[in-house]
Amino acid sequence: MALYLSVRTIMQKNRELLDLLDPLEDVLSFDLTAHLLGVSREQLFKYDALSEDIPSHVEARVRFLNAVCGYLLGAYNDDGIRAWFLRKRVQLDNKSPAGVLSGEWNPDDAKPRAVLKLARQLIS
């Protein structure tokens, strides 16, 4: 019974994350979403299929990217949001947000926080 509840809890958590992940894929594209999450296309397919648990560091990135996109939605359409992630910014030491958010990154680190701040400035 405990194992069933554990699996059920994991599946429910993953479904909730998919509710956040699916819109990211729609707005950013599947490839850019995988890049920003630091996972392969194949891994992202597994998460989408609920065939694998989503690790906590990927979960944190999904939530972070949703926050960034939430700020951008007020100023840009989907194409504009994708372009925003790819455009180099002086505020990010001439890197693009996608460049800052590549490889191993933590939403609590200074550089990702600078990306969030940049997005937040669009609504202030």
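All but one of (1) closer than 18 Å to K111 by Cβ; (2) outside any helix (DSSP H, G or I) hold for L72; state the number of the condition that does not hold. Evaluating L72 over (1) closer than 18 Å to K111 by Cβ; (2) outside any helix (DSSP H, G or I) leaves (2) as the failure.
Number of residues in the range 65-124 that are surrounded by fewer than 17 Cβ atoms within 10 Å (Cβ to Cβ), within 25 Å of D19 (Cα to Cα) and of a type in the set (K, R): the value is 3. May I ask you to verify whether S6 is of a type in the set (G, A, S), at pLDDT 95 or above and either within 23 Å of S124 (Cα to Cα) or out of contact with any Asp or Glu (no Cβ under 8 Å at 6 or more places or on another chain) (or both)? Judged against the criteria, S6 is not a match. Within the range 112-124, residues that are free of Cβ contacts under 8 Å to residues at least 12 places away in the same chain and part of a helix (DSSP H, G or I) sit with their Cβ atoms under 9 Å from residues that are surrounded by 14 or more Cβ atoms within 10 Å (Cβ to Cβ) and not aromatic (F, W, Y), at 6+ positions apart or across chains, in these pairs: R113/P107.
Residue-by-condition table, conditions (1) among the β-branched types (V, I, T); (2) within 11 Å of the chain's Cα centre (by Cα):
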residue: L36; (1), (2): no, yes
residue: L50; (1), (2): no, no
residue: A67; (1), (2): no, yes
residue: A75; (1), (2): no, no
residue: R82; (1), (2): no, no
residue: D93; (1), (2): no, no
residue: A98; (1), (2): no, yes
residue: R113; (1), (2): no, no
residue: I123; (1), (2): yes, no
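Considering only residues that are in contact (Cβ under 8 Å) with a residue 24 or more places away in the chain and more than 18 Å from G80 (Cβ to Cβ), which ones fall in the range 92-107?
Just the residues of the range 92-107 that are in contact (Cβ under 8 Å) with a residue 24 or more places away in the chain, to begin with: 92, 97-98, 101-107.
Within the range 92-107, S102, G103, E104, W105, N106, P107 qualify.
When the range 33-58 is filtered for residues that are surrounded by fewer than 19 Cβ atoms within 10 Å (Cβ to Cβ) and in contact (Cβ under 8 Å) with a residue 40 or more places away in the chain, the ones remaining, listed by number, are G38, D53, H57.
The values are calculated or read from the model by the stated rules, or taken from the named source; none is laboratory data. Just so it is clear, the structure is predicted and the values come from calculations on it, not from any experiment. Please note: Cβ atoms are built from the backbone with ideal geometry, for glycine as well, and neighbour counts cover all protein chains shown.
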